[in-house]
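First comes the structure, then the notes that go with it.
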Amino acid sequence: MKIIIAPDSFKGSIRAADAAIAIQKGIMRCLPHAETVLIPVADGGEGTLDSLTRIGGTKKSVTVTGPLGKPITAEYGILHAGKVGVVELASASGLELLAKEDLDPLYTTTYGTGELIRHALDAGCRHFILAIGGSATNDGGAGILQALGVRLLDEAGCSVGSGGGELERVVSIDDSGLDARVAESTFIIASDVQNPMLGPNGATHIYGPQKGATPQLIEKLEQGMRVWADRIAEKTGVRVHDLPGAGAAGGVGGVLIAFFKAEMKRGIDIVIAQSGLRDHLVDADLVITGEGRIDSQTASGKTPMGIAQEAQKFGVPVIALAGSVGPGIERLYAIGILSVHSIVNGPMTLEEAMSRSSELLELTAEQVLRTYRLSIL
């Protein structure tokens, strides 16, 4: 029996690669002679860099500016003999880099992500995959532009500072210093977010609170984002205000579309194309996938949906494991997910469940496979 193990990370508790190993251990306790293929994946957020570089790629560590302006060590990847650079925004500007009490979208910046792009340009990359999930920022991608030589000027002609709180001060955009290599490059944006930059479904209102925006700050940040969107339109002719996907990563999607030769694709589709999953599905009997939470939102393009859609093309059933299971999972059955299982096997706190994620994944995988084996005998 050939089983493909293709989980995403269980955010905050276990990386995708470690989750895959835990699931494999559970399978081996039930089916010790099964052939298992581990393909840890991601959907454009944290872990995408690991997923894309694990087969034939390399990672480079560099010092960049962190989300609150302090130097940090971050990574970027190089694929296909140096031709393709992989930049994961979460590595330089991500939520996971800050303690909850330090989150502040007035000041957090994507400057470090721009520095990662610059390092990859220095390494010779001219084609890019930009994974923009998991940001701690609401700066509309302004930091990326600033790191690449763009000056954002106030009414006195002076450069504004960093963070979402500075956007409302921008009067003009001077892109004469934009790194010329950007125009020579192409960018694929890995994101599953379709939110516009502005409005009740936009970057600030939907994602601002998880980045530390209080109700009092939401309107200030939204006003800044509106000014920023106006300035982008004036400079580039691209109206990002209500453009689907422009609100990804606190507005980073809009800046990339307006200033770069960029195309937005679902993150999971990009990872699948690079992973070799399709080759293994040809003779696979079962796929096990999973992530931290599975609910109605999973059908919007999250990892389990992408894996199931691909497996369905080959007639391979998919079982999904999750830290928690919410309402609306019945939507997933039509796209090839056979069943969804919570790994939490008894009363416990969230903290306990997260600390025991590896053990719980192993136990659940074993029990699921025991049941599945009986169903096919």
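Every number here is computed from the coordinates shown, using simple stated rules; none is lab data. Note that this is a predicted model, so its numbers are computed, not measured. Because the Cβ atoms are built from the backbone with ideal geometry, glycine has one as well, and the counts that use them run over all protein chains shown.
Let me spell out the model: positive unit charges on the Cβ of Lys and Arg, negative unit charges on the Cβ of Asp and Glu, origin at the Cα centre of the chain. What dipole size does that give, in debye rounded to 20?
Working: 33 positive and 43 negative charges, 147 e Å.
It comes to approximately 700 debye.
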Positive-pole candidate from L79, H119, T109, dipole of the chain, charges at beta carbon: L79
So the label point goes 7 Å from the Cα of R370 along Cα→C-beta, right? Which residues of region 1-26 then have their backbone N under 16 Å from it? 25-26
To make sure I understand the rule: partners must be lysines, Cα under 28 Å from the Cα of K60, and not fewer than 8 residues away in the same chain. Which ones qualify? K11, K70, K83, K100, K211, K261, K265, K302
Calculated FRET efficiency for the pair T349/K235, C-beta based, R₀ 35 Å, to 0.05: 0.10
Residue-by-residue Karplus 3J(HN,Hα) for region 21-30, coefficients 6.51, -1.76, 1.60, Hz, glycine and proline x: 5, 4, 5, 4, 4, x, 4, 5, 6, 9
Take every DSSP beta bridge whose two residues both sit in region 48-265, then give the antiparallel share in percent to the nearest 5. 55
Per-residue HN-Hα couplings for region 195-204 [Karplus 6.51, -1.76, 1.60; θ = phi - 60°; Hz; x = Gly/Pro]: 5, x, 6, 10, x, x, 9, x, 4, 6
Label-zone membership for region 135-149, site R181, 7 angstrom Cα→C-beta point, backbone N under 17 Å: 144-149
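Do the sum for the chain: with -39,500 (n - 2.57) for every DSSP H run of n ≥ 4, divided by all residues, what is the mean residue ellipticity at 222 nm, to the nearest 500 deg cm²/dmol?
Rounded to the nearest 500, it is -10500 deg cm²/dmol.
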Amide H of L178 versus every other amide H placed in the peptide plane: which residues, excluding those fewer than 5 positions away on the same chain, fall under 5 Å? none
Which one, T289, I335, G247, projects farthest toward the positive side of the charge dipole computed for region 244-377 from Cβ point charges (K/R +1, D/E -1)? G247
With θ set to phi - 60° and the Karplus curve 6.51 cos²θ - 1.76 cosθ + 1.60, what are the ³J(HN,Hα) couplings of region 234-245 in order, to the nearest whole Hz, using x for Gly and Pro? 4, 7, 10, x, 9, 8, 9, 3, 10, 6, x, x
For the chain, share of DSSP beta bridges that run antiparallel, in % to the nearest 5: 35
